[in-house]
Amino acid sequence: MKTIMVMMDTLNRRSLPIYGGKVRTPNIERGAEKSVVFDQHWSGSLPCMPARRDLLTGRTAFLEKGWGGIEPFDETLPEVLREAGIFSHIVTDHYHYFARGGESYCQSFSTWDFHRGQEGDPWNSVIREPEKPDTFYGRIEGQYELNRERFISEEDFAGPRTMKAACEWLERNKDEDNYFLLVEAFDPHEPFDFPDHYLDLYKDTYEGPRFEWPYYGLKPADLPDEAIAHLNNRYSANLSMIDHWFGKLLDTMDRHQLWEDTLFIFTTDHGFLLGEHEMLGKNQMHVYNELAHIPLMIRPPGGGQQNVRVQGLTQNIDLMPTILDYMGVAIPDKVKGFSLRGLLDGQTEKVRDAAIYGYHGMAVNVTDGRYTYLRSPKAIDNHPCYIYTAMPTTFRSFLGKEQPQNIEAGRFLPYTEYPVFRFPVSSEGQNYGGTHQVMQTMLFDIQEDYNQETPLQDQEIEAKMIDLLKQEMQRLDSPQEQYVRLGLTAESE
C-alpha cells in the first residue's frame, strides 16, 4: 500500500476546468478522470505554513497561532507513519520550509529533497546588486532577480525540477511498497514566472510595465485594467507550466502501474485573489471563497468510484486521518479531522457539519456548504488575542523581541501538558494591524451569491451560523479568549 500526494501552492479552484475554469490544465483533468472530485473542500489555517501544519497534524491551528514551526507536542503524519514502519519522502521547492518559522516540517520525513530558487530563497549567491526593470507594478525583489538568472531553460525552473525529481524517486523505488510520497510544487505561487511560450497560450497582448508579483491588499486605484488582465494571464501561464510537468508524474505512475495499490491525493493550501473584491493576493482581507474554497481529488487504491463528485464538506485536516485509515495505521487521539474513506467508498454522504477557517488574529469563518459566515473581531484593538507556541519563531523572525516583558509561560493548551509561551498580539488602545480590512462581520448565501457580493441580513440564519461556529471552535480546543475577542461571549464569563 502506497500513498502519493501532490500539492500545488496557491491553486485557484476557479481556474480549473474540473470546477468550471478556463485555464489549460489537461493533466489535472486527466487525474480527475481517475479520481473522486470533492466539490465542498475548504481550507483551514492560512497561509502557507499554517496550512501545512493543519495537513500534517490533522488539527486546525489558526485559533492558537499563525505562521510557525512544528511544535514538540505535535504528532505529525510522517512520524506516525514511521512508528508504524512506513517510509515517507517529500520532494519540494517550497523554500519556506527552510526559513525561520518553518522548522521541523521536512525533517519529520524519513528523507527529503529540496529544489531551490523560488521567490526570495537565498540561493544564487552573488554579491553585486541585481539588475531591475526601470518600470514595474507590484513587487520586484533583488534575490529573485538573481535566482532567475539561473533559469536558462524550462528544466531549470524550480517547479519543473521538483516534478522531475519526484518522477526519478518513483523510478528508483518502482518495486517498493509501504511508503508515503508528498510532492509539493510552489507553482503557481507568485511571482508568476515561466518560459514565454506558456503566456502565448493565453494570447496576451500586454505591453505595459512588468507585472508578475502583486502587493497584497486593496487593488491600487491607478492600476489599469489591462495590467490586471495581464496578471491573470501570467497566473494561468504559470499554472499551465506546472500542469505540464505534473503530467510527467502521471506518466510515471502509468508506466509502473502504480494506481492499483496507491492512494492518490491532489490538493492545495489556499487560493489567491487576482482582482476579485477589488483585492490582490491574500492575508490582508477576509477569507473569501476564492481563498478558502479549494480543489481536492482523491483516487482510492484500485480506483473505487472514478470520475464522480462528492458534495460532503471536507477540509485539509481530514487528509491525515484518511491516509492513516487507508494505510492501516491508528489515528492519534489529538487528530480533529475525519477520515474520508466513507465518502470515497460511497458509504456515507457527510463526515462533518461545518468547516472553519481563517488567519490567526483576524476574522474566524465558518461554512455549512450553503452559507458562509465571516465573524470579525469586536474591536480594532483585537483584544484579547494571544499566540501560543513552544517554538517562538514566525515568518522569517522571532516572536516577542519587542516586548519580552509581556511574554508568559505555562500549560495553557488543553490538549497537551507541554508548557508553551503565550505572546500577546494586542492590547487595550493599541491597533492590531492585521484586522483593519476585516472589521465587518458578513453572512453570505453562497448558493445564491457564490461570489459573496451582497451580504445577507437574516438574524435567524446568523444565529444558526454563530452556534455552528462556537460548536466547531469548542471541538477544536479553541483558546477561551477567542470567544471574547469575537464577541461570542462576555469577557467576565
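The values are calculated or read from the model by the stated rules, or taken from the named source; none is laboratory data. Everything numeric in this text was worked out from a predicted model, so none of it was measured. Neighbour counts are summed over all protein chains in view; Cβ atoms, including those assigned to glycine, are modelled from backbone coordinates with ideal geometry.
Descriptive notes on the structure:
- Only a single item in (1) within 20 Å of Gly21 (Cα to Cα); (2) part of a loop (DSSP other than H, G, I, E, B); (3) touching a residue at least 60 places away in the same chain (Cβ under 8 Å) is not met by His244, and it is number (2).
- Unmet criterion (only one of (1) out of contact with any Ser or Thr (no Cβ under 8 Å at 6 or more places or on another chain); (2) within 24 Å of Leu249 (Cβ to Cβ)) for Glu131: (2)
- Within the range 375-420, restricting attention to residues that are charged (D, E, K, R) and outside any loop (DSSP other than H, G, I, E, B), the residue that is surrounded by the fewest Cβ atoms within 10 Å (Cβ to Cβ) is Glu408.
- Figure legend. Inter-residue proximity from the range 399-418: first residues free of Cβ contacts under 8 Å to residues at least 24 places away in the same chain, second residues part of a helix (DSSP H, G or I), beta-carbon distance below 9 Å, spacing 6+ or different chains. Indicated pairs: Gly400/Asn406.
- Single unsatisfied condition, Ser339 versus (1) of a type in the set (S, T, N, Q); (2) crowded, with 16+ Cβ neighbours inside 10 Å; (3) outside the structural domain of Val80 (by TED's automatic domain parsing): (3)
- Screening the range 176-206 for residues that are more than 24 Å from the chain's Cα centre (by Cα) and among the charged types (D, E, K, R) and picking the one that is surrounded by the most Cβ atoms within 10 Å (Cβ to Cβ) gives Asp204.
- Enumeration of residues in the range 438-489 that are of a type in the set (Ser, Thr, Tyr) and not in a loop (DSSP other than H, G, I, E, B): Tyr483
- Residue ID - surrounded by the most Cβ atoms within 10 Å (Cβ to Cβ), chosen from residues in the range 124-175 that are in a loop (DSSP other than H, G, I, E, B), in contact with a Lys or Arg (Cβ under 7 Å, 6 or more places away or on another chain) and not polar (S, T, N, Q): Ile140
- Checked against (1) among the acidic types (Asp, Glu); (2) farther than 23 Å from Glu212 by Cα; (3) at pLDDT below 95, Asp113 passes all but a single condition, namely (3).
- Scanning the range 320-376 for residues that are closer than 22 Å to Met473 by Cα and of a type in the set (Asp, Glu) turns up Asp333, Asp353, Asp368.
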